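The values are calculated or read from the model by the stated rules, or taken from the named source; none is laboratory data. Note that the structure is a prediction, hence the values are computed from the model and not measured. Here the Cβ positions follow ideal geometry from the backbone for every residue, glycine too, while neighbour counts run over all protein chains shown. Surface accessibility is based on the protein's heavy atoms, side chains included, excluding ligands, DNA and RNA. Shrake-Rupley method; radii C 1.70, N 1.55, O 1.52, S 1.80 Å.
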Amino acid sequence: MIVSSNSIVINEYGDVLLVQRDDTRTLAPPGGACEIDEFPNHAAVREAREETGLKVHPIRLVGLYFLPAKQETFLFICYRCMPRGGELSNSEETPHAGFFKTNPFPSPMLAFHREQVQRA
C-alpha cells in the first residue's frame, strides 16, 4: 500500500492552491507519497514546498481516502493547511502552480480532488 499526503491550501481570498500534475495534466492539490518513516503531516508540508515553493502549516485533517487499484492500493491523507511563506514557483513535477477560484472549479480536475477541496 502506498500512503500519500496532500495539502489543501486556501489563501485569504478563498482561492485554493492547485498544481498541474505532470503525469495526468489535471489540476490537483499539491501532494505525494510519504517517505519511509515520515509522518503524513510532514509529507504534506514537504510535498507542498517541493511542488509549489510555499511553506505551509497543517491545521486539520480533512479526510482519509482509500483507493484500491489494479497495480497498487493507495491511502490518501488530506490536510487543510495555511500558507506560511515562501515564494510560489513551479517544479519539474508541476509545470504550473497557482491559486484558483473554486466557483466554478477549474478544469480539468478529478472528482476525487474536487471533493477534497470542498471538504476543506
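Name all residues of the stretch 58-75 having a backbone nitrogen under 16 Å from the label point set 7 Å from the Cα of GLU115 along its Cα→Cβ direction, giving them as ranges.
Residues passing the 16 Å test: 62-69, 74-75.
Calculate for the chain the 222 nm mean residue ellipticity that helices alone would give, adding -39,500 (n - 2.57) per DSSP H run of length 4 or more and normalising by residue count, nearest 500 deg cm²/dmol.
Values: 2 runs with 22 residues, N = 120.
Theoretical 222 nm ellipticity from helices: -5500 deg cm²/dmol.
Please report, in Å, the Rg and the Dmax of the chain, where both are computed over Cα atoms only.
That works out to 13.1, 40 Å for Rg and Dmax.
Given H placed on each backbone N at 1.01 Å, which residues far from GLY86 in sequence or on other chains put an amide H within less than 5 Å of it?
LYS55
Give me a comma-separated list of calculated 3J(HN,Hα) values for the stretch 38-55, in order, Karplus coefficients 6.51, -1.76, 1.60 applied at θ = phi - 60°, integers in Hz, x for any Gly or Pro.
3J(HN,Hα) across the stretch 38-55, in whole Hz: 9, 5, x, 5, 5, 5, 4, 5, 4, 5, 4, 5, 5, 8, 10, x, 8, 8.
How much net charge surrounds GLN20 when only the other residues with a Cβ under 13 Å from the Cβ of GLN20 are counted, with Lys and Arg +1 and Asp and Glu -1?
Net charge in that neighbourhood comes out at -3.
What number comes out for the charge environment of MET109, summing +1 per Lys or Arg and -1 per Asp or Glu over other residues with Cβ under 13 Å away?
+3
How large is ³J(HN,Hα) for each residue in the stretch 74-91, as worked out from phi by the Karplus curve 6.51 cos²θ - 1.76 cosθ + 1.60 (θ = phi - 60°), to whole Hz, x for Gly and Pro?
With the stated coefficients, the stretch 74-91 comes to 10, 10, 9, 10, 10, 10, 7, 10, 9, x, 10, x, x, 10, 4, 8, 8, 9 Hz.
What's the magnitude of the charge dipole for the stretch 1-45 around its Cα centre, counting Lys and Arg as +1 and Asp and Glu as -1 at the beta-carbon? Answer in Debye, nearest 20. Working shown, then result.
Numbers: 2 positive and 7 negative charges, 38 e Å.
In debye, rounded to 20, the stretch 1-45 gives about 180.
Testing the spin-label approximation: label points 7 Å from Cα along Cα→Cβ at SER89 and ILE36. State their distance in nm.
3.0
Averaged per residue, what accessible area in Å² does the stretch 27-119 show with a 1.4 Å probe, protein chains only?
With all protein chains present, the stretch 27-119 gives 61 Å² per residue.
Can you give me the % of accessible surface on the chain that is carbon or sulfur? Probe 1.4 Å, all protein chains present, nothing else counted.
53
What nm value, rounded to one decimal, do you get for the distance between TYR65 and ASP23 when each label is placed 7 Å out toward the C-beta?
1.4
Taking the Cα centre as origin and putting +1 on Lys and Arg beta-carbons and -1 on Asp and Glu beta-carbons, what dipole magnitude results for the chain, to the nearest 20 debye?
Rounded to the nearest 20 debye, it is 500 debye.
Compare the Cα positions of PRO29, GLN118, ILE77 along the charge dipole of the stretch 25-120 (+1 at Cβ of Lys, Arg; -1 at Cβ of Asp, Glu; about the Cα centre) and return the one farthest towards the positive end.
Checked the options; the winner is GLN118.
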